[in-house]
Amino acid sequence: MSNADQVEYWNGPAGQKWVDQSDRLDAMLAPFADTVLARAGLKPDEFVMDIGCGAGALTLRAAAETGAGQGALGVDVSAPLIALARARAVASGAPARFELADASTYTASPAADIVISRFGVMFFDDPAAAFANIRQSVRQGGRMAFVCWQGLAVNDWALAPLQAAMPFLKEAPPPADPTAPGPFAFQDKDRVARILSDAGWANVAIDPVETAIVLPGDDALSTAGFMMQLGPLSRLLEAQGIDEAQVRDALIQLLQQHKAPDGRVTMKSACWRVTADNA
Ligand SMILES: C[S@@+](CC[C@H](N)C(=O)[O-])C[C@H]1O[C@@H](n2cnc3c(N)ncnc32)[C@H](O)[C@@H]1O
């Protein structure tokens with residue numbers, strides 16, 4: 001289980017873009033940190049491990065909730081994101097530490113009371129083996145709470161930009177493998193349940209969370225700029241070398257239709273909220 005493609009991806013230009021846009025991404029994804037923490041039910045002095053922690057926003061919030069006892073640990077394969085997470089921990093004084101490591105092979109010591117994640121667990125080549133390993137980092141009786149995206153078709157924030165680009169594509173995008181490592185790999189709820197039970201997790205519960213998310217940018221123009229740099233559209237533009245100006249215009253028009261009264265672009269999203277126990 002090498003996860004080599006994802007390790008390369010998150011250490012390349014994409015990882016750097018996540019660093020550059022980290023404050024805007026954190027603002028957009030803050031409601032999902034709320035979702036994870038509401039389900040996690042953290043108690044003072046618990047030791048929390050955050051998988052695929054990125055720049056550490058969720059880890060830092062967990063550390064603030066549990067206090068200085070054992071603190072929180074964030075694990076991620078991206079060197080630029082871990083560097084930013086460490087700098088944020090120093091700046092905030094939060095009792096959090098960060099490891100540059102692949103969660104599918106890393107083992108925490110001592111074992112954590114709970115594993116959490118905000119969209120950081122869908123990138124494993126062999127998810128059942130990865131979740132079996134993650135379970136080794138959680139004490140007997142410990143628990144897990146994470147969010148992962150449902151399918152592209154029910155996530156307008158990701159689908160709409162692709163639709164805007166469709167007329168300008170040089171070739172039809174190859175049919176996507178819905179289980180391939182990536183943001184939508186856990187779209188099939190039954191598959192997620194199977195992966196977790198195969199990995200030895202008990203009491204697996206998976207609930208839908210459908211919510212509107214406010215995209216970065218004060219207006220459609222700046223949101224379009226953001227979407228062209230990060231996410232599924234940016235990958236498509238890069239892969240096909242498409243004329244960006246035409247796509248930008250089409251995207252701005254489409255985003256205008258999703259403006260909230262304050263002018264900001266707000267779109268539908270759907271994810272799964274997953275909990276399980278290491279019984
Ligand atoms: C969509 S980002 C989410 C980052 C962060 N959880 C957040 O909400 O801001 C996914 C993260 O998973 C990390 N990741 C991917 N594969 C990983 C692996 N095998 N082990 C640890 N982290 C991984 C990436 O480097 C990236 O930071």
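The values are calculated or read from the model by the stated rules, or taken from the named source; none is laboratory data. These figures come from a predicted structure and were not determined experimentally. Counting neighbours? That spans all protein chains shown, and the Cβs are built from the backbone with ideal geometry, glycine included. The accessibility values were calculated without ligands, DNA or RNA, using every heavy atom of the protein model including side chains. Shrake-Rupley method; radii C 1.70, N 1.55, O 1.52, S 1.80 Å.
Tallying residues that are modelled with pLDDT of 95 or more and surrounded by fewer than 16 Cβ atoms within 10 Å (Cβ to Cβ) within the range 66-91 yields 5. Is the range 193-200 home to any residue that is at pLDDT 95 or above and either in contact with a Leu (Cβ under 8 Å, 6 or more places away or on another chain) or open to solvent by 70 Å² or more (accessible area, probe 1.4 Å) (or both)? Yes, some residue in the range 193-200 is at pLDDT 95 or above and either in contact with a Leu (Cβ under 8 Å, 6 or more places away or on another chain) or open to solvent by 70 Å² or more (accessible area, probe 1.4 Å) (or both). When you look at A220, is it more than 15 Å from V274 (Cα to Cα), touching a Pro at 6+ places or on another chain (Cβ under 6 Å), modelled with pLDDT of 90 or more and open to solvent by less than 10 Å² (accessible area, probe 1.4 Å), yes or no? So A220 does not fit the description; no. Residues of the range 152-161 that are within 16 Å of the ligand (Cβ to nearest atom) and of a type in the set (G, A, S): A158 alone. Restricted to the range 128-145, and to residues that are open to solvent by less than 10 Å² (accessible area, probe 1.4 Å) and within 11 Å of the ligand (Cβ to nearest atom), which residue is farthest from L60 (Cα to Cα)? So the residue we want is A130. Restricted to the range 87-118, and to residues there that are touching a Leu at 6+ places or on another chain (Cβ under 7 Å) and assigned to a loop (DSSP other than H, G, I, E, B), the residue that is nearest to the ligand (Cβ to nearest atom) is A108.
Taken as a whole, the condition of being of a type in the set (S, T, N, Q), farther than 27 Å from V192 by Cβ and open to solvent by less than 40 Å² (accessible area, probe 1.4 Å) does not apply to T275.
Could you tell me which residue of the range 146-165 is surrounded by the fewest Cβ atoms within 10 Å (Cβ to Cβ), considering only residues that are of a type outside the set (V, I, T) and not in a helix (DSSP H, G or I)? So the residue we want is G151.
Taken over the range 95-110, the criterion of being surrounded by 20 or more Cβ atoms within 10 Å (Cβ to Cβ) and under 13 Å from A62 (Cβ atoms) is satisfied by A96, F98.
Of all residues in the range 112-127, which are touching a helix residue (DSSP H, G or I) at 6+ places or on another chain (Cβ under 9 Å) and either open to solvent by less than 30 Å² (accessible area, probe 1.4 Å) or free of Cβ contacts under 8 Å to residues at least 60 places away in the same chain (or both)? Within the range 112-127, D113, I114, V115, I116, S117, F119, G120, V121, F124, P127 meet the criteria.
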